[in-house]
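The values are calculated or read from the model by the stated rules, or taken from the named source; none is laboratory data. Computed from a predicted model, the values in this text were never measured in an experiment. Ligands, DNA and RNA are stripped out before the accessible areas are found, and what is left, the full protein with its side chains, is counted by its heavy atoms. Shrake-Rupley method; radii C 1.70, N 1.55, O 1.52, S 1.80 Å.
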Amino acid sequence: LDSTRVALLIETRAQPILPAVISQFIANLPPAWIVRLVGSQEVFSVVMLSASLARHIKSGKLVLTEIPESFAVNNNEALSATLTNLTFYSEFLKPAEWLLVFQTDSMICSASEQSLDQWVDRGYTWVGAPWAWDGIGGNGGLSLRHVPSIINVLKNDTRKTNDTVWEDRWLVIVFPITHLRM
């Protein structure tokens, strides 16, 4: 397992679909990737109902981390603030260098001709699912992020709280365009 390559799910709702979503990602990620679920004890109790996920927890493939109070995620703005927080990337996610952010409405295609590691090897700063409108970058709900690049951006620029632009749009606006892919 490679602790620098992390698939991240931040979820505070104890949804019955969680074991299936997490299992799908584990089955289709390259073997070295770690899946990190950041949530609450209530969420973890749903995940622990799955015997296969309990084995993945024991092996270190799936890591459960309680969300600290300092990183609120109870609404879209709070999540955007957390995902544009320098400490979140530089300390909380350490030693992650590559981060695949995913949500419960996303999945990786098992029949894809390209692997996640091939996208990492291309060295993009950000790879996101296409938006429905014309614009640079891509949706953060399923996105590959180069953590050192995000840390550099956040050292030099700060997203304002209650900004009208969500974190994914803000980050791709401040990234150099040549490093984006959708």
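Brief remarks on what is shown
- Average accessible area per residue (Å²) across segment 51-142 - probe 1.4 Å, nucleic acids and ligands excluded: 54
- Contact order relative to length of the chain, as percent, for alpha carbon pairs under 8 angstrom and 6 or more apart: 24
- When Tyr124, Tyr89 are compared by accessible surface with a 1.4 Å probe, the order from highest to lowest is Tyr124, Tyr89.
- Relative contact order, whole percent, for segment 25-79 stands at 37, derived from Cα pairs under 8 Å and 6 or more residues apart.
- Bridge orientation summary for the chain: considering DSSP beta bridges with both residues in this region, about 35 percent are antiparallel.
- Within the set (i) 96, 46, 26; (ii) 43, 39, 31; (iii) 92, 39, 34, the number that Cα extents along the principal axes in Å takes when calculated for this structure is listed as (ii).
- Centre separation in Å (Cα based) which lies between segment 79-126 and segment 6-21: 15
- By the rule of a C-alpha distance below 16 Å, with chain neighbours fewer than 8 residues away ignored, the aspartates and glutamates paired with Lys160 are Glu77, Asp168.
- For the chain, adding -39500 (n - 2.57) for each run of n ≥ 4 DSSP H residues and dividing by the number of residues yields -8500 deg cm²/dmol at 222 nm.
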